[in-house]
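Below is one structure, written out as structure tokens; comments come after it.
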Amino acid sequence: MTNYEYIIASLPFISPEYTYSGDESFASITGEIRSLMDERDSALLDTLLDGFDENKLDRGFYEAALKSREPFIREYFRFDMQMRNAKVRFLNSELGRPADMDVMVLDPDKEEEETEEEASMAFVLAQKDILTREKGLDDIMWMKLDNMSLFHYFDLTAILSYVAKLHIVDRWLRLDDATGREMFKKLVNEVRGTFKGVEYKDQ
């Protein structure tokens, strides 16, 4: 059985402004976490880490994640899919495509629910500055992780939430303005469908 208390007590405190020190890195911290996990929890950590890899995010991945026995995995990737669908709808609007083209819907009842989070995503995506959009979406995800881990102090949810936040921090530590703009242009090719022959240009 994983000693969650020991793992959590050994982790550095992070915030959106956190920076690594010494030999710390995303890989080193997650590697240390994994070394203290049992086989079951390590597999769940693998699922979360796979979700940070755009090349692995397809319908099959989300279907499996939403059926996971681990509540955090189900809720996190349901929200991640919701956020990605918001990006797809935004790009569809920018490119003059049907609003729901290439949107992934695995649970129609959930998809039809209007939430405050969806309104916040739409507001952020409407911003003109590309990095402001990306930072805004990550802020929404950070708040979601805060809510998901509320009252989870020494358990797997607390650890997986920490790793997801650390990934956000790591992303911004490596991001500059030019990278951010290139990243946004590539969103056209990262959504569920591939928009062949379409080039996105900054407004």
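The values are calculated or read from the model by the stated rules, or taken from the named source; none is laboratory data. The shown structure was predicted, so the numbers you read here are calculated from the model rather than taken from an experiment. Neighbour counts are summed over all protein chains in view; Cβ atoms, including those assigned to glycine, are modelled from backbone coordinates with ideal geometry. SASA here: full protein model, heavy atoms, side chains in, ligands and nucleic acids out. Shrake-Rupley method; radii C 1.70, N 1.55, O 1.52, S 1.80 Å.
Observations
- The distance between label points at Leu49 and Asp129 comes to 3.4 nm (points 7 Å beyond Cα on the Cα→Cβ vector).
- The stretch 63-151: relative contact order as a whole-number percent, Cα under 8 Å and 6+ apart: 21 percent
- Shown is the FRET efficiency for Asp102 and Ile8, computed with R0 = 35 Å from the Cβ-Cβ distance and rounded to the nearest 0.05: 0.35.
- Rounded percent of accessible protein surface that carbon and sulfur make up, the stretch 19-127, 1.4 Å probe: 47 percent
- Taken along the Cα-to-beta-carbon direction at a fixed 7 Å, the label points for Arg78 and Glu17 span 3.5 nm.
- Length available on full extension from Leu150 to Ser35: 0.36 nm per residue minus the Cα-Cα distance, which gives 38.9 nm.
- Ranked packing of 25-31, 155-161, most packed first, by mean Cβ within 10 Å: 155-161, 25-31
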